[in-house]
Each structure stands twice: as structure tokens, then as C-alpha cells.
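Inspection log for the structure reproduced underneath, given as C-alpha cells.
No lab work stands behind these numbers, since they all come straight from the coordinates. The model shown is predicted, which means the values in this text are computed figures rather than measured ones. For neighbour counting, all protein chains shown are included, and Cβ atoms are generated from backbone atoms with ideal geometry for every residue, glycine included.
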Number of protein chains: 2
Amino acid sequence: MTTSLPAEHPLRTVTSDSRLIRAYRGERPDVLPVWFMRQAGRSLPEYRELRKTAEAGADMLDTCLVPELASEITLQPVRRHGVDAGIFFSDIMIPLRLAGVDVRIESGVGPIVGEAVQTPDAVDRIVQLELTHEALAPIREAVALTVAELNETGTPLIGFAGAPFTLAAYLVAGRPTKDHLPVRTFMRRHPEAWSRLAEWAAKITGEFLRTQVMAGASAAQLFDSWAGSLSRGQYVEQVVGHSRAALDPVRELGVPLVHFGVGAGEIYGDMNIGVDTIGVDWRVPLDEAVQRMQGDVTVQGNLDPAVLAAGWDAIEPAVRDVAERGRAARAHVFNLGHGVPPETDPAQLTRIVELVHSL
Amino acid sequence: MTTSLPAEHPLRTVTSDSRLIRAYRGERPDVLPVWFMRQAGRSLPEYRELRKTAEAGADMLDTCLVPELASEITLQPVRRHGVDAGIFFSDIMIPLRLAGVDVRIESGVGPIVGEAVQTPDAVDRIVQLELTHEALAPIREAVALTVAELNETGTPLIGFAGAPFTLAAYLVAGRPTKDHLPVRTFMRRHPEAWSRLAEWAAKITGEFLRTQVMAGASAAQLFDSWAGSLSRGQYVEQVVGHSRAALDPVRELGVPLVHFGVGAGEIYGDMNIGVDTIGVDWRVPLDEAVQRMQGDVTVQGNLDPAVLAAGWDAIEPAVRDVAERGRAARAHVFNLGHGVPPETDPAQLTRIVELVHSL
């Protein structure tokens, strides 16, 4: 962790002229780049097959930590759909697991934390945990395997990490909750302990993301799934600084940074924490979202995932509309406004890629 | 259902000078009125006691349909907290149950519909169902019992109903879902069938609300819990007209109308469907929300429910801040930005009422 990897590292020279990286940096390549959040995973039969055979009883987090599996799952949608990027197959909770937190994914429920962090004392305990270089070995290995194959086609890999607020929301509640009430209460009741917890979450999630870039990822995206549950005031005062801190160790590596939040219409003006690209969910049209953003940034998004199961007659005009509105930004990377729903017909995704590339 | 009940009906003359009704109509009474969404129910020990003794095994919907229970539960928080209104204890799904839809509330999950409405044919079947005058008898009786007691103190009762989109979201999915994907797909895939379904939902939920007002409720609130999952474009094109239609049969009775949506920051400009008051959730400060609204309306809201468990030192400044920002509107009714969480200490709610009344 002592050497820094410049953007022109040999692992990345083959992707630096890719559509995705050029668009993230603000250029408009001839062909509009496209990938899909959660493109790897349950929507693909080859993924379901792999999980069935490879690891009966293993939970999602275990799968993420087997380098060959994480790499294979990351590569599946790139091969199938011809998307312009791989997104590292992982989970927001992985850095917690690697730091020693007792966390598992319960099928149909979501992340469950063994001992929820509900008091300042519990914060004092958890912030002692460290995410060591050794613990991150499976991540380095999975990324290296993935990049080795992607480089054959010059396809960039995007690194993946959850934002500190989203991580902390699970830690405090111990499980998924509606409106993330426990963490939002904790922030108001124990503002100093909150600050320590979020700093720690930023540190480990930042290390997780930096590790992926050091191992060869060509860009890095921070996902703040629950930022939309906050008022703008609280986001600015208690959250966004920690998201910035999570990106700092990656920023110095010189790769493009992407920041995405769900339901974040109120905070687009605050989400440019020194990033190249802001991801937009399906609620706000891209041209309108661009007007709310600070600085000259690329936008990524935002086809409504609900349209994917509505038939091609509904999909096609929706895709064209998103591409058209994306012209309001300096550059655009086509994506969904949220993750691919598990029941999606993958053939529709492939067809969307073809359409986007033809526009 | 043939006679209309004018606003000056004897049942309502005793409440027409109440703080709540005056504020809904745009006046600023000397004392700021306050009530809490979901003030009746699980946060109160007397409610938990009542459900335990009265009806082992009965589900929430059964409870709502026993007039003595629905009335008693509605009255409990008025007696305890001294709030300025009762909100009729019911459930968004009640008009569906009364129209003959197989629906139940599963504890810890939410509404479950026996046969989800997933095709245009299923829509054709469900729209045959009618909400009859006879079926609504327990609602009339519960409201009459409630109003009889509330009138002793001149406290108004607010009628309660879910908006057509929220009803339809449950009908199409058959159960609660993240992001309400099934209904949002259905709207895009079958726009005409959607329109028929939403029209029908508007009709039965409008009759449910009208029944409450005819029986003596002094105001009526339409709750659109899931409106925030839509883009503004889709809300305007496919949803808001049905919400307006749901209120039409109540509008002609002359009582104040309230429209509330969760996560509705994008659509405050569209929510004035001929209403007197718009409810605001905790995400947008009241003074900012007012700027987005069309017409001269009263605002209701919007203390963050997350603050309720954060201790009085956090609650007090938050209450004062909400009251202060509410001055930006023509009038303000203090409330939470969403329902009372079940684990709330009721003593804090009583204390908030006292503080609001002292401001």
C-alpha cells in the first residue's frame, strides 16, 4: 500500500482510450458507452448455474470472496451483452466482512449484522477493527483475474464500493429497514459517535476501492444507496464529507471517479465531491439533473428499471429519450437508473446495448 | 348516498372554528395546531393492550372493521396527547377488502393480495367489484361513534384514504415491494389497463373517504405513500388525475382536503389537485417545499420521525425549526414528515404537542 499507481499504469493503458473512460473524462466518443448497474448476478442464467454448482449453502459474501467466482461473475455480462465496462462483482458489505465484522446476507432479506452498532461504546469497539492488506488478498486476486481477460478487448473494469452512510445504515440497524430510521436517529442522538463511525466506514470502504484500482480497475464508483432518505441539510452536514474521504485514497491514483445515489434529487448539487461523473436514478430526467449539478461533470444513467419488463415497444422510446436527454451534459454514459432487477430477461439488455451503440 | 352533506352540517359546526380547520382553510390561529400521522396504533400501550385482549388472531383489517375498536383506537391518542385532530384509524387496503378483494395484512410484512392484478384481464375482473353502501356500514358506524366523543371537545376528525397509485401498487405486486417495480412496469406495459385500474381504485377509495365525511369527519386526507417512486413525468401523465378523481366526491362536500405524498420533492408543484393543504415529508424543509407548490395552500408537516428517539435535546430544536419554517406558508399544521414509528415513546409526542402549542 506504499506505492501509488499512476493512471498510465500498464494495466490501464489498454483501456484509457475506451469509450467509457473517455466519456467519464468528459469526451464524447463516436459511440455512446453503456453498462448496467448490477449487470452481473441474478438476471443471468449462467450466474444462477454457477452459484448452484459452485457453493451450495454459501452466502453471497462468500461467493464475492472466491477470486475465480467473483471474476467469472464479473465477466459474464461483458461477454454476453457486449457492454462497455465490467463492474466488479462484490457487495457493499464486503469491506466490513474483511475487517472482521460479523455480517451475512440473508436470502430475500439482505445484510444482517451480528451485533448492531447502537451505542457510542459499540462505535468505539468497531472502529478498532482494521482492514488489513492481507485480508484484501482475494479482492486483489479477483480484480487481477478479471482485468487479465478484459484487457484482451480493452474493456475497462469499474471498481465498486458502498458509501459510508449506506454502510453505516446497515451497521446501526443490524438489518435492512424502511427509511433507515435507526441510523438517522443515531446521527441526531450521538453526532460525535456518528462522526467516528462514518470516518471509519469511509476508511475501510476507501481502502476496498483503492485496492481494486491498485489491482487494475480503470475507474471507481461509490454507491450511496440510502442517501435519498436524508434531507439535504443533514446530507451536507453529516454525510457528504465522509463520502469525499472515502474517495480520497482513490483520487490520488488518477482514475475517473463516479458518485451515485438513489433518490438523490435533492442533493445533486452536493454530490460533486471532486468526481468526474455523477450517476442519476430514474426519478429525475438527465437534462434536469444536469442543471442541478455543480461543475462540469459527465452523467451516467438513467433508464427506469421498471421499463425492462414492459416489452420492446416501451423500452425503445425510453432508451432513445434517455440518450437524447444525456446530451445536456458534457458527456454521457448510458446506464439504468438503478440495478438490473433479478427477473429481467437478459435478451432485452443485450438489445438495449445494440440500440445504444447504434444511436 | 343521494343527499349531500354541506360543510355546515350540524356534525361539523362544532369543529369549524377549531384550530385545525381554520389552519387548513388558510387562517393562522393563535395556537399552532398539531397532530401526528399514525398517532393511533402501535406506539400506544393502550392500543397494544386493546388488540391483545380484543381479538386474538384477527388481522389489522379486521380490527379496522369493528366500529367500537376503530373508534376507540382513533380516540386514544387524542385523549392522551391532546392533539388537535383525530385521524380515522383505518388502512389503505380497507376499501379493497370492503369491495371484496382478498387482502390481508401479514404482520411484519404488510398487505398481501390473494390474487395479484398482473394482466389486463385481471383488471377487467377487478373493476367489476363494487363498494356498496351496505359494505361501508362499519365505517359509518365507527366514524359516528368517534365524532360523538370528539364533538364534546370540538376536536375535528380527519378522514383517511390511500391514493389510487398506492392502492394499485399493492394490487399489482400482490405484496409490498422495493421501489414498486411491478406497478411501474404495468403502467408502461399496459397503459390502458392501468388507466382502468387506477380509475376503479380512485372510485372505491373516493367512496371510502366520502363515507367518512358524510358520517361526520371534518376534513379528508389522501395518502400517496409511493408517489415518490415515480418520475415527475409519469406522475403527471398517469397518476395525479386519478388522485384528483378520488377527491372529487369529497370535494363537493365542502370540507378541507389534504394531499400527502412520501418522497414527493419532485412533485410538490403538481400535488395541488384542488386541495387546501399539502403534507410534506421530512426530506424537504417546509419553507423550500412551499416555494415549489402551486397556489396558496397550507402546509402540514414535517418533523423527521427519526428525531423522536434521539432525546429531547435533539427534539426541541428540531420542533422549533419546523415551526419556524412553516411560517413561509399561508398557514401551517404541525405534524411529522411520516408516520409515528411503532417504538416511539408516547411521552415524547405529548411533550411535542405541549411545545408546539406554546410556540
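Observations
- Radius ratio Rg over Rh of region B:47-119, counting only Cα atoms, Kirkwood formula for Rh: 1.03
- Scanning residues 5 or more positions from A:G162 or on other chains, those with amide H under 5 Å from its amide H are A:F223, with H placed 1.01 Å from N in the peptide plane.
- Normalised per residue, the volume of the convex hull around the Cα set of chain A (Å³): 119
- Restricting the GluC sites (Glu not before Pro) of region B:85-181 to loop positions (DSSP other than H, G, I, E, B) with no more than 15 neighbouring Cβ atoms within 10 Å leaves B:E115, B:E130, B:E134.
- With the convex hull drawn over the C-alpha atoms of region B:252-308, the volume per residue is 82 Å³.
- Prolate/oblate/rounded call for region B:263-359, Cα gyration tensor, a/c under 1.5 rounded: prolate
- 3J(HN,Hα) along region B:236-244: 5, 6, 10, 10, 4, x, 6, 5, 4 Hz, from the Karplus curve 6.51 cos²θ - 1.76 cosθ + 1.60 with θ = phi - 60°, whole Hz, x for Gly and Pro.
- Placed amide H near B:L303: partners under 5 Å, 5+ positions off or other chain: B:N335, B:L336, B:G337
- Here the calculated FRET efficiency for B:T132 and A:E27, from their Cβ-Cβ distance with R0 = 51 Å, stands at 0.20, rounded to the nearest 0.05.
- Per-residue shielding of A:257-268, expressed as the average number of other chain Cβ atoms within 10 Å of the residue Cβ, stands at 2.
- Within 10 Å of the Cβ of each residue in A:128-138, the mean number of Cβ atoms contributed by other protein chains is 0.
- For region B:152-299: rounded, prolate or oblate by the Cα gyration tensor [a/c cutoff 1.5]: oblate
- The H on the amide N of B:G279, modeled in the peptide plane, is under 5 Å from the matching H of B:H259, B:F260, B:G261, B:Q300, each at least 5 residues off or on a different chain.
- Ranked by how many other Cβ atoms sit within 10 Å of their own Cβ, fewest first, the residues B:F223, B:F186 fall in the order B:F223, B:F186.
- Residues A:K203, B:K52 in ascending order of nearby Cβ atoms (within 10 Å, fewest first): B:K52, A:K203.
- When you restrict to C-alpha pairs under 8 Å that are six or more residues apart and normalise by the size of region B:40-167, the relative contact order lands at 30 percent.
- Among B:L44, A:L197, the ranking by other beta carbons within 10 Å of each residue's beta carbon, starting with the fewest, stands as B:L44, A:L197.
- Counted over the protein assembly as shown with a bin width of 20 Å, the fraction of Cα pairs per bin, in whole percents, is 17, 49, 29, 5, 0.
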